[in-house]
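Peer 1: Structure provided below as structure tokens; questions to follow.
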Amino acid sequence: VSTQSTWGLLILKRMSNRYDAAVTKFSPSGHLFQVDYAFEAVKRGACAVGIKTKDSVILGVERKSMPKLQESGTIKKIFQLDKHLAMACAGLTADARMLTQRTVLECQQYRLTYDQQPSVNYIAKYVAKMKQRYTQVGGRRPFGISSLIMGFDQTKEPMLYLTEPSGSYSLWKASAIGHNAKNVTELLEKKYKDGLSHEEGVKLVIEGLLEVVESGNKNMEIAYMKNDEKLIKMKDEEVKSLIEVVEKEKSPPAAPGAVPIPKQQHNMTNLHFY
Amino acid sequence: YMGLSIMAYFGDFSFLDDPQFGLPDFYGDGLPVGAYTSLAEDKKSAEEEVREEFLSEGLCIGLPKPDANIVLPYLRSSPEKTKLEKYSKGTTTLAFKFSKGIIVAVDARASMGTFIGSNKVRKIIEINDYLLGTMAGGAADCMFWERVLAEECRLYELQHNEKLTVRGASKVLLNLISQYRGQGLSMGTMVAGIDISTGNNDLFFVDDDGMRIQGDLFSIGSGSPYAYGVLDSSYKYDMSLDEAVELGIKAIINATFRDSASGGVVRVYHIHKTGWKIIHDALDVSALYHEKYGIQKNHLHLH
């Protein structure tokens, strides 16, 4: 208990965790609670799925229903970082915005210093490094964001990286972040194969997102990138028609008596999380 | 677990009293200066912080800048002299791309005016297994900065798990040199190498003026006009390795024949798909010249 305080009491109504209010303190069990709570914030964000195919990388995001009066287009989930890089975030929208702004700047600074495009690994490492700093220094809270960073390297290979609020980053063939990401990951583990074609990959992304989107709404956004080409956002009509195709191809419903895993519904109108 | 547990919690709110609290641009460097992390006495001055950030980014090493009081009067007193000195990079170095890689050929003479210091200097600097740099101008400048470049390349490789490309390495060299522009550096260097991951080779010319250009064929030094003459007349992209090596040697020995500041031995390196290889370590130029042209080129008409 610090004796420097002159500002009074804070009353907490939960399990006693006097180590969880400060980022830069370990708990006796070895947790950084703020980082753990940041992961919870990520789970409140809309789902994002990333898949690497033979010749492309595809990002699909769950699009939340906009309030009636809001004009679409201002809240983005898929950001283009550079000609050959793109990123999808899940979690706090404002944090995502700051993160992408810093990363875009870093891409250009790299281009100035080395006169070549930054590799996906470099940028993923940069994002991870930035996130880690905020878990160790200064007492400020971590970013409440997980991000999927995708792009192509000079070797023309597609790459998909996942970075987490703890500052860890890893290379993936297919991954999902955000709300209900576990369901999607389970599906991807079952259905993903090496050497998927681009079309098969898009269908798999849609299948994954159908697990989590609000049934009836089926609102999703798909973007992909091929080597030496910039990010392409698929048109809504195209996505809708592909959704219909995927739903027809889906395996028949489970045997009677089987209880399906209920999807966790959550309040999607909270605009702080996307 | 006892349900509702009310805890008196004394937090450390002294950060609110800190005069630095709430300053803008705390995302500026990613390292916030907060009351939690440092005492007032520990805070560095703005200049020191910038300098440290500069150092940690690897863009420059912490060398003291040459004293302006010494350098500037020298530069001002004889502007013509510095220009002449620039062109008297007493050497001949050349490099060119061809179908089977890059050939780099250099002479080996170090001269100070009319005094020949050495005929056995190594003007190709092996930066690492896949990069070569050539030396023309100030030997110390070239050797030193290319060693620093080697360090930067190695650090990059260790930090980012990927090799720095020729393009990146030449830019890093330029970044290092540019800080000392106008302060007396004398370097005309080529950075040649192979990007092993993509299989593409590259050749860049980097100069103390701050010029950096990509190209297929370069020659630098006082003997370069003579080398260019030979190269430009016989160069083809489709050559065998032997033909290309012959062309490089021919250009060097013709340059050393006519330029007094070039001579000694010729060294030839070949950059191929997986790195570089020494083709000829030391071939005496005058012996070679007489072997190739001695009988035909005996122009002396003695009466």
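The values are calculated or read from the model by the stated rules, or taken from the named source; none is laboratory data. These numbers were taken from a predicted model, which means no experiment stands behind them. Ideal geometry is used to build each Cβ from the backbone, glycine not excepted, and the neighbour counts take in all protein chains shown. What goes into the accessible areas is simple: the full protein's heavy atoms, side chains included, and nothing from ligands, DNA or RNA. Shrake-Rupley method; radii C 1.70, N 1.55, O 1.52, S 1.80 Å.
Peer 1: At 1.4 Å probe radius, can you tell me the per residue accessible area of segment A:24-171 in Å²?
Peer 2: Details: 6060 Å² over 148 residues.
About 41 Å² of surface per residue is accessible.
Peer 1: Can you pull the semi-axes for segment B:96-148, root of five times each eigenvalue of the Cα gyration tensor, sorted largest first, whole Å?
Peer 2: Details: eigenvalues 108, 44, 13 Å².
Largest first, segment B:96-148 gives 23, 15, 8 Å.
Peer 1: Length gain on complete extension for the stretch B:THR114 to B:ASP232, per 0.36 nm per residue less the alpha carbon to alpha carbon distance?
Peer 2: Working: separation 118, 0.36 × 118 = 42.48 nm, distance 2.93 nm.
Between B:THR114 and B:ASP232, full extension yields 39.6 nm more.
Peer 1: Can you give me the Cα centroid spacing of segment A:48-95 and segment B:230-288 in angstrom?
Peer 2: Between the Cα centre of segment A:48-95 and that of segment B:230-288, the gap is 55 Å.
Peer 1: For segment B:206-303, what is the Kirkwood hydrodynamic radius in Å, using each pair of distinct C-alpha atoms?
Peer 2: On the way: mean 1/r = 0.0663 Å⁻¹.
Kirkwood radius, segment B:206-303: 15.1 Å.
Peer 1: Using the 2.2 N^0.38 Å rule of thumb for compact globular proteins, work out how segment A:59-177 stacks up: its C-alpha Rg over that value, please. The partial results should precede the final answer.
Peer 2: Details: Rg = 14.6 Å, N = 119, 2.2 N^0.38 = 13.5 Å.
That ratio works out to 1.08.
Peer 1: How many nm separate the modelled label positions at B:ALA287 and A:LYS233, each set 7 Å beyond the Cα in the direction of the Cβ?
Peer 2: Going from the B:ALA287 label point to the A:LYS233 one covers 7.2 nm.
Peer 1: P(r) tail for segment B:124-206, what percent of Cα pairs lie past 20 Å? It would help to have the intermediate numbers written out before the result.
Peer 2: Values: 880 of 3403 pairs.
In whole percent, the share of Cα-Cα pairs in segment B:124-206 beyond 20 Å is 26.
Peer 1: Taking the Cα centre of segment B:186-303 as the origin and placing charges on Cβ (Lys, Arg +1; Asp, Glu -1), which of B:SER224, B:ILE249, B:LEU203 is farthest toward the positive end of the dipole?
Peer 2: Ranked along the dipole, the leading option is B:ILE249.
Peer 1: Using each residue's phi in segment B:246-258, evaluate 6.51 cos²θ - 1.76 cosθ + 1.60 at θ = phi - 60° and report the 3J(HN,Hα) Karplus result to the nearest Hz, with x for Gly and Pro.
Peer 2: 4, 5, x, 5, 4, 5, 5, 6, 5, 5, 5, 5, 9
Peer 1: If we sort A:119-127, A:78-86 on the protection proxy, mean other Cβ atoms within 10 Å, highest first, what's the order? Intermediate results must be reported in sequence, preceding the final value.
Peer 2: Details: A:119-127: 22.9, A:78-86: 21.3.
Per-residue mean Cβ counts within 10 Å order the peptides as A:119-127, A:78-86.
Peer 1: While we're here: Can you pull out the buried accessible area for chains B and A, both sides counted, probe 1.4 Å, rounded to the nearest 100 Å²? Show your work: numbers first, answer last.
Peer 2: On the way: alone 18340 and 16080 Å², together 30840 Å².
Interface between B and A: roughly 3600 Å².
Peer 1: Which FRET efficiency value, to the nearest 0.05, do you get for A:HIS272 and B:GLU151 by plugging their Cβ-Cβ distance into 1/(1 + (r/R0)^6) with R0 = 41 Å?
Peer 2: On the way: r = 46 Å, r/R0 = 1.12.
Between A:HIS272 and B:GLU151 the formula returns 0.35.
Peer 1: Return the distance in nm (one decimal) between the two label points of a simple spin-label model at A:LYS68 and A:LYS191, each offset 7 Å from Cα along Cα→Cβ.
Peer 2: 3.5 nm
Peer 1: Compactness ratio of segment B:148-267: Cα Rg over 2.2 N^0.38 Å, N = residue count?
Peer 2: Numbers: Rg = 16.4 Å, N = 120, 2.2 N^0.38 = 13.6 Å.
Normalised by 2.2 N^0.38 Å, the Cα Rg of segment B:148-267 equals 1.21.
Peer 1: Of B:LYS100/B:LYS236; A:LYS77/A:LYS230; A:LYS191/A:LYS235, which sit over 19 Å apart, Cα to Cα?
Peer 2: Result: A:LYS191/A:LYS235 exceed 19 Å.
Peer 1: Here is a follow-up. So what are the ³J(HN,Hα) numbers for segment A:199-213, from phi and the Karplus equation (6.51, -1.76, 1.60; θ = phi - 60°), rounded to whole Hz, Gly and Pro as x?
Peer 2: Those phi angles translate into 5, 4, x, 4, 5, 5, 4, 5, 4, x, 5, 4, 5, 10, 6 Hz.
Peer 1: Using all C-alpha to C-alpha distances in segment A:142-254, build P(r) with 10 Å bins and read off the rounded percent in each one.
Peer 2: In order of increasing distance, the bins hold 12, 42, 36, 10, 0 percent.
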